[in-house]
Amino acid sequence: MTVEEQLICRLTTVGRADKVFAEETASEHQPRDRQFHVKHIRLDLGLDLAKRTIAGTSTLTLTPINDGLRAVDLDAVDLTIRGVRGEGKALPFDHRDGLLTVKLPRAYKAGEEFTLAVRYAGKPRKGLFFIGPDKDYPKKEPQVWTQGEAEDNKFWFPCYEAPNDRMTSDVLLTVPKGWVAVSNGRLVALREANGGRLFHWRQDVPHVNYLIALAAGRYEIVEEEWDGVPLQYYVPRGASKLVPLAFRETGNMMDFFSKVTGQQYPYPKYAQVVVTDATLGGMENTSMTTVIETTLHDERARPNYETEGLVSHELAHQWFGDYVTMKAWPHLWLNEGFADYFEELWYEHRFGKDMFQLRMMNEAQGYLEEDANNYRRAIVTTKFHSPEDMFDAHTYQKGACVLHMLRYVLGDPLWWKAIRHYVRKHGMQVVETNDFRLAIEEATGRSLDWFFNEWVHKAGHPEFEVSWAYDDAAKLVAVTVKQKQEVKDLTPLFRTPVEFLVANGKAAKREKVEITEKEQTFHIPLRAKPDMVLFDPDNWVLKKLTFEKSKEELLYQVEKGPTIAARVQACEGLGKILHDEKVIEAVRRALTKDTFWGVQRAAAKALGEIGTEEAKRVLLTHGVKHTEPRVRRGVAEALGKFREDDEALEALVRLYAKDPKYYVAASAGRAIAETRHPKALDAIKKGMDRRSHAEIITRLALAGIASLRDPEGIPVCKACAKRGKPTFVRMAATDALGKLGDYLENRRQEIREFLAPLLRDPQMHVRNATCGALAQLGDPAAIPELQKVAQYDIMGMTQRAARRAIRKIRDRQAEIGKKSEFAADVDKLKDDNLKLQQRLAKLESQLQAIVKKRK
């Protein structure tokens, strides 16, 4: 091996790290063993808002699974158990480490019904949240709401906390006068009690434990009706006028999901409740979804921000996640992947194929980024630290893409037949992945073991390299497809159907083939050389694609590609090749004439990548005043590519200050930083504190300040990270500080010392963002504090964020070590090479001396 070859070998390994999903310390997670079935649970609850405590009785109706049941194990964490009664008498119990063991008065036979009443009190740290004003947020409206998923209801009532049992429920809650309370099912009673109001809700459709929920506060209620089902919207006082914009498509969604699943909406009402300081964007409690407060918005947020995605996702869960529920957390994709895909299916139904295709491209991109940057895992995996680990892009986005491919494999008639059979067979049941696979086989006769093995139980995706050539004599297009992914561990060689489209000015032809090998060549008859060859033109297959094309083919494709996926890909390709007037003109036409805004936005991005004066002129002439705000946002981002350019800066400053749409203005502010113009920092700071939806202008301004790498940005970010600022702003500020500390090594310690206390902030999202910021900072001195968070933080999502931050810091240190080792090896190789050259020179000198003597 030569010196150069050794150097190349070492260079290809520097920076690589084995990015694992779960460390060796992670546990195996299987469905929990059951000794009994919870038939019904009744919660009689009272709240002390001042003390932030709860007290009540959890009454469980149980039946043993086997004969001889003498004791019952329930879950109750951070709760004080005041007593347990059964058969009219007090029962002995033991309560430790979150487990409540009740000794029964006698042995019960299988199926014999009995009741336990557990009196308790507690001050929940999670599961149930008391929201209210404090010195930093004096105007915050009081609320109480719950978040049961993953397994957090055991923090506010004794229960069986696992998703492999279903029960009916009653929730009785007393709240102050002027308040309303909402829970699962139907309202069966409302009366005055104990100086307040007692709400009694009953859910008669069996459900798993984590779906029990409540919310209470001084809500305004807006109500309408769909097919006899009340649709209710609980919003903060004064926000009723925002309900139509946020929730206007709910009835249409109810109709769509009921029809395509073959199951009419199964619950007596559907309430959507806006909660403050939500831990998630939305939570699909049966008949009562809670949503984040940013769901409420005005017209200036649209169309760059839409609630239809969130609303349709959570409503889809009423079928997939609630009516049919995964049995154990390894199978979470049966909840979340389904909800993600049915969200997109509703978009296809409501807004058409182009919008659907663009959104599915975004789904794929979300998964591909996690796979490339974080880790690779199978969709179904049993090894993880906590259920929260499973809430990721592999479960959501890849799950949606796998269902999309399954629809392609089956075809629409069989796909919908299978879905309806699955829902009909497993309604009001808990399921695992094999139940879904068997339901498909029963409905369609198709055995898809191979599909589930590759796409669900193994990991990764195909990385296709495609090329084509035309044989004029044979009148054949030869398309060669290579799978370039490294086949190892869980990543297989994939089998998938796929379509080719070949076209010239006179003819177009589609041909469907099946890819099964590492390299295959397919021959497609065509009378003349094609102007365009497309691989998977409708973007059915989850993949990474490399398909090098000539300028002429890309020019044809950007104009005449039959799908938005093809035209977006053409824009991306034109942005990378050597440009000329034809390229600029073709992209200009796509920006101004294409029928779909997603392609227009891709054209704007391509002009930014081209980066010439001509490209800039098109953006300034046709882009900044584009009537579609989503395209205008893309134009702003493209103008950010023009470094230290006065015209680009001027246009962006104008958009930042005057564009009527929040998200366009915000993107302009971010793009100002990308120009690296000397005036960028001052331009961003002017107006960055303007109120906007979800504080998007301030957040992207902070991101821009981080990218400028200017020490003057540090005090701005510190000020925005302090309590009293909106949570979203604090999150963006901590993220920006992490990036600045990474760029500015001499300020790293100062920033770490500022960030470390935020790991103990009351706001979970701030703690999570701080973990990410410390990971970006890359300072190993942060690891001890992060380890405390990973071990002791009450929130599973925060523990996960801390574990991932520690891993990233250690990977980075290992990479630095490899680079140092590589540098040392380079020096050694150089020394060895020098010594060899010296020895060679010495030998040559000696040889010359010998030759000279002989002469």
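Only one of the listed residues (Pro711, Pro757, Pro762) is open to solvent by 50 Å² or more (accessible area, probe 1.4 Å) and assigned to a helix (DSSP H, G or I). That residue is Pro757. Residues that are open to solvent by less than 20 Å² (accessible area, probe 1.4 Å) and either in contact with a Gly (Cβ under 7 Å, 6 or more places away or on another chain) or not in a helix (DSSP H, G or I) (or both) within the range 741-754 comprise just one, Ile751. For the range 541-558, residues that are touching a Lys or Arg at 6+ places or on another chain (Cβ under 9 Å) and open to solvent by less than 50 Å² (accessible area, probe 1.4 Å) total 4.
Could you identify the single residue in Ala733, Ala790, Ala769, Ala775 that is part of a helix (DSSP H, G or I) and in contact with a strand residue (DSSP E or B) (Cβ under 8 Å, 6 or more places away or on another chain)? Give the derivation first.
Numbers: Ala790 fails: in contact with a strand residue (DSSP E or B) (Cβ under 8 Å, 6 or more places away or on another chain); Ala769 fails: in contact with a strand residue (DSSP E or B) (Cβ under 8 Å, 6 or more places away or on another chain); Ala775 fails: in contact with a strand residue (DSSP E or B) (Cβ under 8 Å, 6 or more places away or on another chain).
That would be Ala733, the only listed residue that is part of a helix (DSSP H, G or I) and in contact with a strand residue (DSSP E or B) (Cβ under 8 Å, 6 or more places away or on another chain).
Scanning for something surrounded by fewer than 22 Cβ atoms within 10 Å (Cβ to Cβ) and in a strand (DSSP E or B), does the range 411-422 turn up at least one residue? Among the residues of the range 411-422, not one is surrounded by fewer than 22 Cβ atoms within 10 Å (Cβ to Cβ) and in a strand (DSSP E or B), which makes the answer no. Residue pairs whose Cβ atoms lie under 6 Å apart, separated by 6 or more positions or on different chains, with the first residue in the range 46-63 and farther than 18 Å from Pro158 by Cβ and the second open to solvent by less than 30 Å² (accessible area, probe 1.4 Å) and part of a strand (DSSP E or B), are Arg52/Phe130.
Yes/no per residue for (1) aliphatic (A, V, I, L, M); (2) open to solvent by 30 Å² or more (accessible area, probe 1.4 Å); (3) within 21 Å of Pro266 (Cβ to Cβ):
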| site | (1), (2), (3) |
| --- | --- |
| Thr146 | no, no, no |
| Phe155 | no, no, no |
| Tyr160 | no, no, no |
| Asn164 | no, no, yes |
| Pro176 | no, yes, no |
| Val182 | yes, no, yes |
| Val188 | yes, yes, yes |
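Any residue in the range 19-28 that is among the polar types (S, T, N, Q), part of a loop (DSSP other than H, G, I, E, B) and modelled with pLDDT under 95? Checked against the condition, which is being among the polar types (S, T, N, Q), part of a loop (DSSP other than H, G, I, E, B) and modelled with pLDDT under 95, the range 19-28 yields at least one hit. Taking every residue in the range 589-616 that is of a type in the set (Ser, Thr, Tyr) and pairing it with any residue that is at pLDDT 95 or above and crowded, with 24+ Cβ neighbours inside 10 Å, at least 6 positions away or on another chain, the pairs with Cβ-Cβ distances below 8 Å are Thr592/Gln600.
Going through the range 207-235 one residue at a time, which ones are open to solvent by 40 Å² or more (accessible area, probe 1.4 Å) and either assigned to a strand (DSSP E or B) or closer than 27 Å to Phe157 by Cβ (or both)? Please lay out each step first, then the result.
Our first condition is that a residue be open to solvent by 40 Å² or more (accessible area, probe 1.4 Å); within the range 207-235, this holds for 218, 220-225, 227-228.
Selection gives Arg218, Glu220, Ile221, Val222, Glu223, Glu224, Glu225.
The single condition among (1) at negative phi; (2) of a type outside the set (Lys, Arg); (3) in contact with a helix residue (DSSP H, G or I) (Cβ under 9 Å, 6 or more places away or on another chain) that Asp277 does not satisfy is (1). Taking the listed residues Val182, Val171, Val84, Val144, the one that is more than 30 Å from Met326 (Cβ to Cβ), assigned to a strand (DSSP E or B) and in contact (Cβ under 8 Å) with a residue 24 or more places away in the chain is Val84, with no other qualifying. Leu786 meets the stated requirement of being open to solvent by less than 20 Å² (accessible area, probe 1.4 Å) and touching a Cys at 6+ places or on another chain (Cβ under 7 Å). Looking at the range 433-472, which of its residues are under 30 Å from Lys19 (Cβ atoms) and open to solvent by 60 Å² or more (accessible area, probe 1.4 Å)? Hits for the range 433-472 are Asn434, Asp449, Asn453, His457, Lys458, Glu465.
The values are calculated or read from the model by the stated rules, or taken from the named source; none is laboratory data. Just so it is clear, the structure is predicted and the values come from calculations on it, not from any experiment. As a convention, Cβ positions derive from the backbone with ideal geometry for all residues, glycine included, and neighbour counts pool all protein chains shown. Surface areas here come from the heavy atoms of the whole protein model, side chains and all, with no ligands, DNA or RNA. Shrake-Rupley method; radii C 1.70, N 1.55, O 1.52, S 1.80 Å.
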